1. Answer yes if at least one residue in segment 54-69 is surrounded by 15 or more Cβ atoms within 10 Å (Cβ to Cβ) and among the acidic types (Asp, Glu), and no otherwise.
2. Confirm whether Ile87 is aliphatic (A, V, I, L, M), touching a strand residue (DSSP E or B) at 6+ places or on another chain (Cβ under 7 Å), surrounded by fewer than 16 Cβ atoms within 10 Å (Cβ to Cβ) and at negative phi.
3. Give me a count of the residues in segment 48-95 that are in a helix (DSSP H, G or I) and either touching a Lys or Arg at 6+ places or on another chain (Cβ under 6 Å) or without any contact (Cβ under 8 Å) to a residue 24 or more places away in the chain (or both).
4. Is one or more of the residues making up segment 7-20 surrounded by 12 or more Cβ atoms within 10 Å (Cβ to Cβ), part of a loop (DSSP other than H, G, I, E, B) and in contact with a strand residue (DSSP E or B) (Cβ under 8 Å, 6 or more places away or on another chain)?
5. Any residue in segment 32-46 that is surrounded by 11 or more Cβ atoms within 10 Å (Cβ to Cβ) sitting within a Cβ distance under 6 Å of a residue that is assigned to a loop (DSSP other than H, G, I, E, B) and of a type outside the set (A, V, I, L, M)? List the pairs, counting only those 6 or more apart or interchain.
Amino acid sequence: MARNDLFRLFTPDLDPGKWRLIMARMEIDYRAELHYGSDIELRTYLSRLGNSSFTVTQEAWQKGVLTNLGHTVLVHFDHGEKRAVPIEGELRKALEEHLRTAEEPTKA
């Protein structure tokens, strides 16, 4: 799943004035060196789906080695009301399609 595909589930036209997500946390683990000139494969998936937030996990692989692992917590948010909004119905179903429950990173 690409990030814009994910963002379009919440804001189909990607209009910043209608944005319905906030970033609550981001962490990156640098596990191995990346080398210039070699392809890098990026993998993106949901690793957690809560009531009003979810975690997007991204992996960077090069030559079969997991080099970077990142986790970003995003919150479904109503900017007018200044509060988190539950993720329900069709939106929840769409997110569940991209949920991976495995604790270990994907294999190359």
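Please treat every number below as a calculation from the coordinates, not as lab data. From a predicted model like this one, the values you see are computed outputs, not experimental measurements. Neighbour counts are summed over all protein chains in view; Cβ atoms, including those assigned to glycine, are modelled from backbone coordinates with ideal geometry.
1. Checked against the condition, which is being surrounded by 15 or more Cβ atoms within 10 Å (Cβ to Cβ) and among the acidic types (Asp, Glu), segment 54-69 yields at least one hit.
2. no
3. Summing the residues that are in a helix (DSSP H, G or I) and either touching a Lys or Arg at 6+ places or on another chain (Cβ under 6 Å) or without any contact (Cβ under 8 Å) to a residue 24 or more places away in the chain (or both) in segment 48-95 gives 3.
4. Yes, some residue in segment 7-20 is surrounded by 12 or more Cβ atoms within 10 Å (Cβ to Cβ), part of a loop (DSSP other than H, G, I, E, B) and in contact with a strand residue (DSSP E or B) (Cβ under 8 Å, 6 or more places away or on another chain).
5. Arg43/Thr106; Tyr45/His98; Tyr45/Arg100; Leu46/His98
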